[in-house]
1. So which residues in the range 52-61 are out of contact with any strand residue (DSSP E or B) (no Cβ under 7 Å at 6 or more places or on another chain), exposed (fewer than 15 other Cβ atoms within 10 Å of the Cβ) and closer than 18 Å to residue 11 by Cα?
2. Filter the range 17-44 down to residues that are outside any strand (DSSP E or B), under 9 Å from the mean Cα position of the chain (by Cα) and buried (at least 17 other Cβ atoms within 10 Å of the Cβ), then give me how many there are.
3. Would you point out the residue of the range 45-57, among those that are assigned to a helix (DSSP H, G or I) and either touching a helix residue (DSSP H, G or I) at 6+ places or on another chain (Cβ under 7 Å) or free of Cβ contacts under 8 Å to residues at least 24 places away in the same chain (or both), that is farthest from residue 1 (Cα to Cα)?
4. Every residue in the range 7-16 that is assigned to a strand (DSSP E or B) and surrounded by 13 or more Cβ atoms within 10 Å (Cβ to Cβ), please.
5. Here is a check on your reading of the model: is residue 4 surrounded by 15 or more Cβ atoms within 10 Å (Cβ to Cβ) and at pLDDT 95 or above?
6. Taking the options 49, 64, 68, name whichever one is in contact with a strand residue (DSSP E or B) (Cβ under 9 Å, 6 or more places away or on another chain), surrounded by 14 or more Cβ atoms within 10 Å (Cβ to Cβ), at negative phi and at pLDDT below 95.
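The values are calculated or read from the model by the stated rules, or taken from the named source; none is laboratory data. Keep in mind that this is a model prediction, so the values were computed, not measured. Cβ placement follows ideal geometry from the backbone for every residue including glycine, while neighbour counts extend to all protein chains displayed.
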């Protein structure tokens, strides 16, 4: 299962690193893929979508509701 989030405010490699570092340690996360061009973050595994959204927002980004993929 994957969670796909629309994330606004990402613009560079530092954004990718920040989001990956924030999301990776969460329970149930098996992988994180950040697509700058699409403004999307895909989180693989069985994470809690609210927790994923919270850590990305805490890192300073705007997140729209998750869509299960």
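1. Of everything in the range 52-61, those that are out of contact with any strand residue (DSSP E or B) (no Cβ under 7 Å at 6 or more places or on another chain), exposed (fewer than 15 other Cβ atoms within 10 Å of the Cβ) and closer than 18 Å to residue 11 by Cα turn out to be 58, 60.
2. Number of matching residues: 3.
3. Step one: of the range 45-57, the residues assigned to a helix (DSSP H, G or I) are 49-57.
Then drop every residue that is not either touching a helix residue (DSSP H, G or I) at 6+ places or on another chain (Cβ under 7 Å) or free of Cβ contacts under 8 Å to residues at least 24 places away in the same chain (or both), which leaves 50, 52, 54-57.
Numbers: 50: 15, 52: 14, 54: 19, 55: 19, 56: 19, 57: 22 Å.
The qualifying residue farthest from residue 1 (Cα to Cα) is 57.
4. 7
5. No, not satisfied.
6. Details: 64 fails: surrounded by 14 or more Cβ atoms within 10 Å (Cβ to Cβ); 68 fails: surrounded by 14 or more Cβ atoms within 10 Å (Cβ to Cβ).
So the residue among 49, 64, 68 that is in contact with a strand residue (DSSP E or B) (Cβ under 9 Å, 6 or more places away or on another chain), surrounded by 14 or more Cβ atoms within 10 Å (Cβ to Cβ), at negative phi and at pLDDT below 95 is 49.
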